[in-house]
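Here the structure comes first, spelled out in structure tokens, and everything after it is commentary.
The values are calculated or read from the model by the stated rules, or taken from the named source; none is laboratory data. Please read these numbers as outputs of a predicted model, since none were measured by experiment. Ideal geometry is used to build each Cβ from the backbone, glycine not excepted, and the neighbour counts take in all protein chains shown. SASA here: full protein model, heavy atoms, side chains in, ligands and nucleic acids out. Shrake-Rupley method; radii C 1.70, N 1.55, O 1.52, S 1.80 Å.
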Amino acid sequence: MSEYANDAVLRGPALEGLDKYDSVTDVFHSAVGRFKEKPAFTCMGKTLTFADLDRLSADFAAWLQHETDLVPGDRIAIQLPNVLQFPVAVFGALRAGLVVVNTNPLYTEREMAHQFKDSNAKAILILANMADKLEKVLDKTDIKHVLVTQLADLHDVPKRWLINAVVKHVKKMVPAYSLPSAVSFREALKKGASLSHTDAKQTHDDLAALQYTGGTTGMPKGAMLTHGNLVANMLQARAAIGTHLRDGEELVIAPLPVYHIYTFTVNCLFLMETGNHSLLITNPRDLDAFVKELKGLPFTAFIGLNTLFNALCNRDDFKQLDFSKLKLTISGGMALTKAAAQRWEQTTGCPIAEGYGLTETSPIVSFNPTDAIQLGTIGKPVAGTAVKVVDTDGNDVAMGEPGELCVQGPQVMKGYWQREDETRASIDENGWFFTGDIAVLQEDGYIRIVDRKKDMILVSGFNVYPNEIEDVVAAHPDVLESAAVGVPDENAGEAIKLFVVSKNDQLDEKTLRDWCKKELTAYKVPKVIEFRDELPKTNVGKVLRRQLRDEAPSKT
């Protein structure tokens, strides 16, 4: 039996150094002190050093403390893509003692209103490109302080003027909006530079972030991640990955969104704590620009997911890049296929190490040792982490047998924000978090995910819950009932298929898809819609999604 195994439990090695930092801000100050003049983040050709990040985040913290009535523990929503303003705002907010509510910039008005109201956010920093949406929902929230930033606000002139002008006037990407009380982020930083601030005192138990994840009731819920959760997961990432990276010497490509817990923890914490340089890619969907930005760069690590690996390896210009310095590629967020892994290694010469995690676990639970990668598994538990599998009655399942994967460790969230019942249903009295994924624990200490207990659909690393889609579709006057399921998709891992019973024979796929686009972020919009006379149900009338899912692949 593996050294990781104890009865029916796999345990990672001991986690060291958890008492080294009291908070994420302690991590930040340590990194600034050690790597002051080293580059921290680069985006669209502009680089911030650790000293720049220290100065600008202090300016933002000072503005928050002097120019608002916000107090430690209040929530601030940050709705930004991968831009330099993100780390400045996050660390500034944390230094002021606030709780960060990471918000997807692609959210629709409905999704924004829900998250802002649910989190009781009192402030927001938003990109000008989606400020028109905020205008329409602001009165439905508790937000009192609005900051707006343009894409290149932290660039130097004249490049700042040029980029912002092109985005607004040439590409027409900034719809008109009216937010009379809004403050420019640049003005806030300028004002804050003339003010003093005091870093809030924080402990492991204090909330650092509300990270929203799909809810079984159809609407996202906030995972309460404490400073202790995030510090622990940062240290766990360092123990699992850091031996292959030199402190202060690596250039890491970060194309995945920083508001997602995967990149938030890896790039804003682990890589910052190790003094390494993250290249933020603002729009990875623009593959032409993405590959062009990589050309000539001596990047040493790449953090991605299956969809992106496939897309890049299909491009001749990507294949022509210099990969001689690339020594680490990490995959997470969705299942890595063997085909994608093999193709990436053939193209770049660098194998992919796959990990596994969830929003509720900050996120890393397990990782493939880079010197012993086992494709098809999610690796071994990271330091300080125990995993087991249980049957439907909650009884432990033996090694080699499938069951629901449960996780115990310092990275497991405090609970769901204002949802005590759901917290109790997900975390037992011994701190075991029930993931909803069906796994097998191997005798050699590796873990395999074999199925999903919940109806959640995983589209390119994003959680999508059928109830939310079905609620939106149900509001269409011509829909009698519907059911959304995940079906295999070569690019996205899973795609959404919607089964619909219509009251109107004239209702077609395009009309229904357009309806969904008004209310749902793009990755939640069904890719395939099939009309049926009826849906399969249990004898009490519950739609049998699993039956539809089993039927779906042959009909897409």
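Rundown of residues vs (1) under 20 Å from L358 (Cα atoms); (2) under 26 Å from the mean Cα position of the chain (by Cα); (3) not assigned by the TED database to the domain that holds N104, yes/no style:
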residue: V440; (1), (2), (3): yes, yes, yes
residue: I449; (1), (2), (3): yes, yes, yes
residue: E470; (1), (2), (3): no, yes, yes
residue: A474; (1), (2), (3): no, no, yes
residue: E481; (1), (2), (3): no, no, yes
residue: E494; (1), (2), (3): yes, yes, yes
residue: D505; (1), (2), (3): no, no, yes
residue: T511; (1), (2), (3): no, no, yes
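Of the residues G415, G379, G403, which is more than 17 Å from G332 (Cβ to Cβ), within 21 Å of the chain's Cα centre (by Cα) and open to solvent by less than 10 Å² (accessible area, probe 1.4 Å)? Step through it out loud before you land on a result.
Values: G379 fails: more than 17 Å from G332 (Cβ to Cβ); G403 fails: within 21 Å of the chain's Cα centre (by Cα).
Residue meeting the stated conditions: G415.
Exactly one condition in (1) in contact (Cβ under 8 Å) with a residue 24 or more places away in the chain; (2) of a type in the set (D, E, K, R); (3) outside any strand (DSSP E or B) is false for E481; which is it?
Only one criterion in (1) in contact (Cβ under 8 Å) with a residue 24 or more places away in the chain; (2) of a type in the set (D, E, K, R); (3) outside any strand (DSSP E or B) is unmet by E481, namely (3).
Select from region 429-456 the residues that are at pLDDT below 90 and touching a helix residue (DSSP H, G or I) at 6+ places or on another chain (Cβ under 7 Å) and list them in ascending order.
D455
Can you report the number of residues in region 23-38 which are among the small types (G, A, S), open to solvent by 20 Å² or more (accessible area, probe 1.4 Å) and touching a residue at least 12 places away in the same chain (Cβ under 8 Å)? Break it down stepwise before answering.
Taking region 23-38 as the starting set, the residues that turn out to be among the small types (G, A, S) are 23, 30-31, 33.
From what's left, open to solvent by 20 Å² or more (accessible area, probe 1.4 Å): 30, 33.
Subsequent filtering for residues that are touching a residue at least 12 places away in the same chain (Cβ under 8 Å) retains 30.
Going through region 23-38 one residue at a time, the tally reaches 1.
Considering region 243-263 alone, what residues qualify as being assigned to a helix (DSSP H, G or I) and either modelled with pLDDT of 95 or more or open to solvent by 20 Å² or more (accessible area, probe 1.4 Å) (or both)? Even if it seems obvious, please write down each step before you answer.
Of all residues in region 243-263, those assigned to a helix (DSSP H, G or I) come to 243-244, 261-263.
Passing the criteria: T243, H244, Y262.
Quick one: which residue in A165, A208, A200, A176 is in contact (Cβ under 8 Å) with a residue 24 or more places away in the chain and outside any loop (DSSP other than H, G, I, E, B)?
On the way: A165 fails: in contact (Cβ under 8 Å) with a residue 24 or more places away in the chain; A200 fails: outside any loop (DSSP other than H, G, I, E, B); A176 fails: outside any loop (DSSP other than H, G, I, E, B).
That would be A208, the only listed residue that is in contact (Cβ under 8 Å) with a residue 24 or more places away in the chain and outside any loop (DSSP other than H, G, I, E, B).
If we keep just the residues of region 179-197 that are in a loop (DSSP other than H, G, I, E, B) and not aliphatic (A, V, I, L, M), which is least open to solvent (accessible area, probe 1.4 Å)?
Ranking the qualifying residues of region 179-197, first place goes to H197.
How many residues, within region 530-556, are at pLDDT 65 or above, hydrophobic (A, V, I, L, M, F, W, C) and in a loop (DSSP other than H, G, I, E, B)?
Counting residues in region 530-556 that are at pLDDT 65 or above, hydrophobic (A, V, I, L, M, F, W, C) and in a loop (DSSP other than H, G, I, E, B) gives 2.
Go through region 105-120 residue by residue and tally those that are part of a loop (DSSP other than H, G, I, E, B), under 19 Å from V258 (Cα atoms) and touching a strand residue (DSSP E or B) at 6+ places or on another chain (Cβ under 9 Å).
The first filter runs over region 105-120 and keeps only residues part of a loop (DSSP other than H, G, I, E, B), leaving 105-108, 120.
Next cut, under 19 Å from V258 (Cα atoms) only: 105-108.
Cutting the leftovers down to touching a strand residue (DSSP E or B) at 6+ places or on another chain (Cβ under 9 Å) gives us 105, 107.
Count: 2.
When K159 is evaluated against the numbered criteria (1) among the basic types (K, R); (2) at pLDDT 95 or above; (3) touching a helix residue (DSSP H, G or I) at 6+ places or on another chain (Cβ under 9 Å), which criterion, by number, is the only one it fails?
Among (1) among the basic types (K, R); (2) at pLDDT 95 or above; (3) touching a helix residue (DSSP H, G or I) at 6+ places or on another chain (Cβ under 9 Å), the lone unmet condition for K159 is (3).
In region 294-308, how many are open to solvent by less than 60 Å² (accessible area, probe 1.4 Å) and either out of contact with any helix residue (DSSP H, G or I) (no Cβ under 9 Å at 6 or more places or on another chain) or within 12 Å of I253 (Cβ to Cβ) (or both)?
The first filter runs over region 294-308 and keeps only residues open to solvent by less than 60 Å² (accessible area, probe 1.4 Å), leaving 294, 297, 299-308.
Then keep just the ones that are either out of contact with any helix residue (DSSP H, G or I) (no Cβ under 9 Å at 6 or more places or on another chain) or within 12 Å of I253 (Cβ to Cβ) (or both); that gives 294, 297, 299-304, 308.
The qualifying residues number 9.
Out of the residues in region 24-61 meeting the condition of being assigned to a helix (DSSP H, G or I) and small (G, A, S), tell me which one is farthest from G248 (Cα to Cα). First the steps, then the outcome.
Taking region 24-61 and keeping what is assigned to a helix (DSSP H, G or I), we get 24-35, 50-61.
Still in the running and small (G, A, S): 30-31, 33, 51, 57-58, 61.
Working: S30: 13, A31: 10, G33: 12, A51: 14, S57: 20, A58: 22, A61: 26 Å.
In this case the residue turns out to be A61.
Quick one: count up the residues across region 345-371 that are open to solvent by less than 40 Å² (accessible area, probe 1.4 Å) and part of a loop (DSSP other than H, G, I, E, B).
As a first pass, look at region 345-371 and keep what is open to solvent by less than 40 Å² (accessible area, probe 1.4 Å): 347-348, 350, 352-370.
From the residues that got through so far, the ones that are part of a loop (DSSP other than H, G, I, E, B) too are 350, 358, 362-363, 368-370.
Number of matching residues: 7.
Residue by residue through region 311-344, note down the ones that are surrounded by fewer than 19 Cβ atoms within 10 Å (Cβ to Cβ) and part of a helix (DSSP H, G or I).
Matches in region 311-344: A311, C313, D316, D317, F318, K319, K338, A339, Q342, R343.
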